[in-house]
Amino acid sequence: MRKTLGWLLSLVVLIGTMGAAGFTAQAATAAQPAAATDIKDQILGIPGMSLIEEKPYPGYRFFVLNYEQPVDHRQPWKGTFKQRLTLLHKDVSRPTVFFTSGYNVNTSPRRSEPTTIVDGNQVSLEYRFFTPSRPDPANWANLDIWQAASDQHRIFGALKKIYSKNWLATGGSKGGMTATYYERFYPRDMDGVVAYVAPNDVVNKEDSAYDRFFAKVGTKECRDKLNAVQREALVRREPLEAKYAVAAAENGWTFTTVGDLDKAYEAVVLDYVWAFWQYSLLADCAAIPTAATATDQEIWDTVDAISGFSAYADQGLETYTPYYYQAGTQLGSPDIKQPHLAGLSRYGYQPPRNFVPRDIPMTFQPGAMKDVDTWVRNNANQMLFVYGQNDPWGAEPFHLGYGARDSYVMTAPGANHGANVAKLLDGEKALATAKILQWAGVAPAAALADAGRAAPLAAPDAQLDQRDLEREPQLRP
């Protein structure tokens, strides 16, 4: 489906998207005739599609939907489940962005960065096995990257009949991985892919890239400060675990899955440095307490704020069971040495198996990520990968080989796990924006002639464009 824009098409799009003050969504929408059938009726006319609710939003229609999917796409006669999705409808004449976080779907109106850039529609999909999009009974063998890609493929096929213009796949973190896997298995569906901060753990047992990252990220002063707090939290394990027990009793936390409170406590503490760089900036180091003079409460508060003491309780793990299952069967998970904790760590980085109930069987498939990595290197076409310089997950990124075409890997300086196109250096930001517009089929003639003139077509909207940087499970993308 890779389409090359001609100058005539560009001129038509330019006329349809430019107003007196610049490119506007209103002009494009106004130029289109009204649909004969209401868009909600068209969507609900798709077999297997049902409405949960419609929420009003100025300039859009926003639907929360269920779509009936096969539990196993290889054997569709063996049962179905309802998969939740949302649809932010702009106009059928606009391109559509297919977004996934790789986790639960947000049921409030939101717009990803590519959707803002192309002024398009957005379909957002909940990843299979995340509640409530979980088969009952749940055969966990049906949770893998091919099945998830097939979910997207089937929804795309159903909605493409209504939204016939170009489509882009996108997502951040595990969502960026998901967009990449979708492209690997169904490369003819999308006209482009924008994958943000997508880890690429090709060899699960080879994680030295992370050790090299933590040896140089930020400044030595900040690294030493964080390491000292992390070490101090293990030195003061006894009084701080007493506080943890009180907090657990107050909040009803239990530790059956991980094993006991001690294992959960250490898992939270070992996440501390990684979590800081994943979600914070170098400037935030000033707020980290000095370990040698900090009180127990100050150590507790900083670890809780950055890592979260609820993370490895059964109640914190439950939501993310599908992720931990995938990490232990296909995606892989990082392991770092942290030599400053020598003699204090009892368990090291615990494997995903420790975070999944034991009645769910898990067997790791080492070839899954190697297959995706090889495919991307040799076949990437109209794909953009964006990383943050100070994001630990960027230590193992996707790479492009000689077979890649019109594809790019870009890094936002100083950025964390929230890196995006807007945070790139000016030249790369312009190029990335121009490519996204081109792949979506809505690049104005000026942007085609000069990437430096490329800019988002939609006006900013503080509510729609906010990024819900969900507090994902630490050490998890």
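The values are calculated or read from the model by the stated rules, or taken from the named source; none is laboratory data. The shown structure was predicted, so the numbers you read here are calculated from the model rather than taken from an experiment. With ideal geometry, Cβ positions are generated from the backbone for all residues, glycine too; neighbour counts draw on all protein chains shown. Just so you know, the surface numbers come from the protein's heavy atoms only, side chains and all, with ligands and any DNA or RNA stripped out. Shrake-Rupley method; radii C 1.70, N 1.55, O 1.52, S 1.80 Å.
Summary of values
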| item | result |
| --- | --- |
| Only one of T319, T363 that is open to solvent by 10 Å² or more (accessible area, probe 1.4 Å), within 19 Å of the chain's Cα centre (by Cα) and either without any contact (Cβ under 8 Å) to a residue 40 or more places away in the chain or closer than 26 Å to A245 by Cα (or both) | T319 |
| Identity of the residue in the range 87-113, of a type in the set (K, R) and closer than 15 Å to R467 by Cα, that ends up least open to solvent (accessible area, probe 1.4 Å) | R111 |
| Those residues of the range 322-339 which are of a type in the set (A, V, I, L, M) and either open to solvent by 20 Å² or more (accessible area, probe 1.4 Å) or not in a loop (DSSP other than H, G, I, E, B) (or both), in sequence order | A327, L331 |
| In the range 340-356, residue least open to solvent (accessible area, probe 1.4 Å) [restricted to those that are part of a loop (DSSP other than H, G, I, E, B) and farther than 20 Å from Y244 by Cβ] | V356 |
| Number of the condition not met by C285 [criteria: (1) open to solvent by 20 Å² or more (accessible area, probe 1.4 Å); (2) out of contact with any Pro (no Cβ under 9 Å at 6 or more places or on another chain); (3) in a helix (DSSP H, G or I)] | (1) |
| Matching residues in the range 185-201 - criterion: being over 12 Å from A395 (Cβ atoms) and either hydrophobic (A, V, I, L, M, F, W, C) or modelled with pLDDT under 95 (or both) | F185, M190, V193, V194, A195, A198 |
| Neighbours by Cβ (under 8 Å, 6+ apart or cross-chain): first from the range 186-199, farther than 25 Å from S333 by Cα and of a type outside the set (G, A, S); second part of a loop (DSSP other than H, G, I, E, B) and open to solvent by less than 10 Å² (accessible area, probe 1.4 Å) | D191/P95 |
| When residues of the range 200-228 are limited to those that are acidic (D, E) and outside any loop (DSSP other than H, G, I, E, B), the one nearest to Y272 (Cα to Cα) | D224 |
| Considering residues of the range 293-316 that are of a type in the set (S, T, Y) and without any contact (Cβ under 8 Å) to a residue 24 or more places away in the chain only, the residue farthest from L234 (Cα to Cα) | T293 |
| The range 37-57 - residue that is open to solvent by 60 Å² or more (accessible area, probe 1.4 Å) and part of a strand (DSSP E or B) and, of those, farthest from R154 (Cα to Cα) | P56 |
| Tally, over the range 91-138, of residues that are in contact with a helix residue (DSSP H, G or I) (Cβ under 7 Å, 6 or more places away or on another chain) and in a helix (DSSP H, G or I) | 4 |
| Residue match in the range 399-414 (condition: at pLDDT 95 or above, open to solvent by less than 10 Å² (accessible area, probe 1.4 Å), over 26 Å from R467 (Cα atoms) and in a loop (DSSP other than H, G, I, E, B)) | no |
| Extreme residue, farthest from N200 (Cα to Cα), among residues of the range 124-133 that are out of contact with any Pro (no Cβ under 6 Å at 6 or more places or on another chain) and crowded, with 19+ Cβ neighbours inside 10 Å | S133 |
| Any hit, the range 452-462, residues being without any contact (Cβ under 8 Å) to a residue 60 or more places away in the chain, hydrophobic (A, V, I, L, M, F, W, C), over 18 Å from V194 (Cα atoms) and open to solvent by 30 Å² or more (accessible area, probe 1.4 Å) | yes |
| Residue check, A443 in contact (Cβ under 8 Å) with a residue 24 or more places away in the chain, under 23 Å from K165 (Cβ atoms) and out of contact with any Lys or Arg (no Cβ under 6 Å at 6 or more places or on another chain) | yes |
| Given (1) surrounded by fewer than 17 Cβ atoms within 10 Å (Cβ to Cβ); (2) over 27 Å from the mean Cα position of the chain (by Cα); (3) not in a loop (DSSP other than H, G, I, E, B), index of the condition W300 fails | (1) |
| Subset of the range 238-262 that is of a type in the set (D, E, K, R) and either modelled with pLDDT under 95 or in contact with a helix residue (DSSP H, G or I) (Cβ under 7 Å, 6 or more places away or on another chain) (or both) - its residue that is nearest to S333 (Cα to Cα) | D262 |
| Which listed residue, of Y67, Y60, is in contact with a Gly (Cβ under 6 Å, 6 or more places away or on another chain) and either crowded, with 20+ Cβ neighbours inside 10 Å or modelled with pLDDT of 95 or more (or both) | Y67 |
| Residue in the range 229-241 that is surrounded by fewer than 18 Cβ atoms within 10 Å (Cβ to Cβ), without any contact (Cβ under 8 Å) to a residue 60 or more places away in the chain and outside any helix (DSSP H, G or I) present | no |
| Yes/no for D371 being modelled with pLDDT under 95, open to solvent by 20 Å² or more (accessible area, probe 1.4 Å) and either of a type in the set (D, E, K, R) or assigned to a loop (DSSP other than H, G, I, E, B) (or both) | no |
